[in-house]
Amino acid sequence: MSKQDYYETLGVSKQASADEIKKSFRKLAMQYHPDRNPNDKEAETKFKEINEAYEVLKDEQKRAAYDRFGHQAFTGGQGGGNPFGGGFNFDFGAEAGGFADIFSEVFSEFMGGGRGRRQSYAQRGQDVRYNLSITLEEAFTGIEKEITLPSTETCENCHGHGTKDGNEAPICTQCGGSGKVRIQQGFFVVEQNCPQCKGTGRVVKDACPNCKGKGFVNKQKTIKVKIPAGIEDDTRMRIVGGGEAGIRGGENGDLYVFVTVKNHKLYEREGANLYTRIPISMCCAALGGKIEIPSIDGSKIELKIDAGAQSDQVVKVKSQGMTMVRSERRGDLFVKLRVETPVNLSARQKELLEEFRSISKDDKCQPESKSFFDKIKDLFAA
């Protein structure tokens, strides 16, 4: 039975590039893998065919021979014999040219890169998060805060190398500096940290007595953080290099400061605007007047109340809200009025209110009440 053309087996043209051949092989290998198709003889046969085709077409010399002589290039029969010294071994196992090498190549890219790639000697330090709470007044003006946090810094004795003499540690002989080793398990190649160097790619034989071979020491760090005026709640600030120390000369990580603005006793914030609710007397609401309230900037605001003010009426005070970030402008202040009904009246106060009620029966001074009760009358009459 004649063999299928290798290019057809992989579903590519004869002009396909090496990357196109590799991409097609990966796709087909995953599709027909025995673990995905248990007890499927047809899939197993297909799996062997695509691996045989890829073993030839991935190699430039073998591919050139195949393009010239076809399958005859790899048999001991006619056509000049096998220029590569015999057939290929496609048994399930770890023999050279078998599935193990093919799958090692395919899955290595999913497991951290190519074979033998060295672990970067210098490693970046870890990023650090810090939660900072400030008052609304501090958010308005902006402030510089000193924060202290546990961190690490490069060991001065060994310059971050972790070695007693302060020089770079030698490359690990077991993993060749990659920090990873691969273990064959059936069809699969499992990658894990090298047990000798613990994934660093280097082996510290004589450890620095100051840092015990780690390359860094623990230390409390104090950093000044400048909070801009107008900053909003739940803002994240990044301090480049403010995180933990890099290892073996690597750059420091970053510090991320998450700013929380505390609730205020008087004001609520929405963007650059401030909102508050204040009580006013019944007389002030009826006759009008002026009241003073504190501003967020520490000054006093004189608020004018028009005669006939009602509960839930909102008075807008321009440019008395929060500072806007990187701007000289300010938001507005919105004051909601709440008319307070007097309680604990004296006899004289009750007398005056009774007199007021008796002379207010024409309802001209309470148009909303008159309108409401007129509607009720209409409902009863219906």
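The values are calculated or read from the model by the stated rules, or taken from the named source; none is laboratory data. All values derive from a computational prediction rather than experimental measurement. Positions of Cβ are backbone-derived with ideal geometry, glycine not excepted, and every protein chain shown enters the neighbour counts. Just the protein is used for accessible areas: all its heavy atoms, side chains included, with ligands, DNA and RNA removed. Shrake-Rupley method; radii C 1.70, N 1.55, O 1.52, S 1.80 Å.
With the requirement that a residue be part of a loop (DSSP other than H, G, I, E, B) and surrounded by fewer than 15 Cβ atoms within 10 Å (Cβ to Cβ), what does segment 18-40 give you?
D35, R36, P38, N39, D40
So that you can scan it fast, the table gives a plain yes or no per residue for (1) open to solvent by less than 20 Å² (accessible area, probe 1.4 Å); (2) farther than 29 Å from I143 by Cβ; (3) not in a loop (DSSP other than H, G, I, E, B):
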{"site": "K221", "(1), (2), (3)": "no, no, yes"}
{"site": "A229", "(1), (2), (3)": "no, no, no"}
{"site": "F258", "(1), (2), (3)": "no, no, yes"}
{"site": "L266", "(1), (2), (3)": "no, no, no"}
{"site": "P279", "(1), (2), (3)": "no, yes, yes"}
{"site": "A285", "(1), (2), (3)": "yes, yes, yes"}
{"site": "E292", "(1), (2), (3)": "no, no, yes"}
- Can you find even one residue in segment 325-334 that is part of a strand (DSSP E or B) and among the β-branched types (V, I, T)? no
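I want to confirm something. Restricting to segment 336-357 and keeping residues that are charged (D, E, K, R) and in contact with a strand residue (DSSP E or B) (Cβ under 6 Å, 6 or more places away or on another chain), which single residue is nearest to N273 (Cα to Cα)?
Result: K336.
Go through segment 271-300 and give me each residue that's among the small types (G, A, S) and out of contact with any Gly (no Cβ under 6 Å at 6 or more places or on another chain).
G271, S281, A285, A286, G288, G289, S295, G298, S299
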- Across (1) open to solvent by 70 Å² or more (accessible area, probe 1.4 Å); (2) in contact (Cβ under 8 Å) with a residue 24 or more places away in the chain; (3) under 30 Å from N273 (Cα atoms), K205 clears everything bar (3)
- Item | Selection within segment 23-66 - modelled with pLDDT under 85 and within 15 Å of V12 (Cβ to Cβ) | Y66
- Query: Applying the selection to segment 308-324, what residues are surrounded by fewer than 13 Cβ atoms within 10 Å (Cβ to Cβ) and not in a loop (DSSP other than H, G, I, E, B)?
  - Reply: V314, K316
- Task: Count, please, the residues in segment 5-17 that happen to be assigned to a loop (DSSP other than H, G, I, E, B) and either modelled with pLDDT under 85 or acidic (D, E) (or both).
- Result: 1
- Identity of the residue in segment 173-201, modelled with pLDDT under 80 and part of a loop (DSSP other than H, G, I, E, B), that ends up nearest to the chain's Cα centre (by Cα): F187
- Message: Criterion first (of a type in the set (A, V, I, L, M), modelled with pLDDT of 50 or more and surrounded by 13 or more Cβ atoms within 10 Å (Cβ to Cβ)) does I134 satisfy it?
- Response: yes
- Note on the structure: E153: passes all of (1) outside any loop (DSSP other than H, G, I, E, B); (2) open to solvent by 70 Å² or more (accessible area, probe 1.4 Å); (3) not polar (S, T, N, Q) but (2)
- Residue pairs qualifying under the 9 Å Cβ cut-off, at least six apart or on distinct chains, with the first in segment 334-345 being more than 30 Å from E270 (Cα to Cα) and the second being part of a strand (DSSP E or B), are P342/S281
- Note on the structure: Counting only residues in segment 325-347 that are open to solvent by 80 Å² or more (accessible area, probe 1.4 Å) and under 18 Å from E138 (Cα atoms), the one nearest to the chain's Cα centre (by Cα) is identified as R326
- Task: Sort out which residues of segment 239-260 are closer than 30 Å to M322 by Cα and touching a strand residue (DSSP E or B) at 6+ places or on another chain (Cβ under 6 Å), and write them in order of number.
- Result: I239, G242, D254, L255, Y256, V257, F258, V259, T260
- Query: Does I305 fit the bill of being crowded, with 17+ Cβ neighbours inside 10 Å and closer than 13 Å to S281 by Cα?
  - Reply: yes
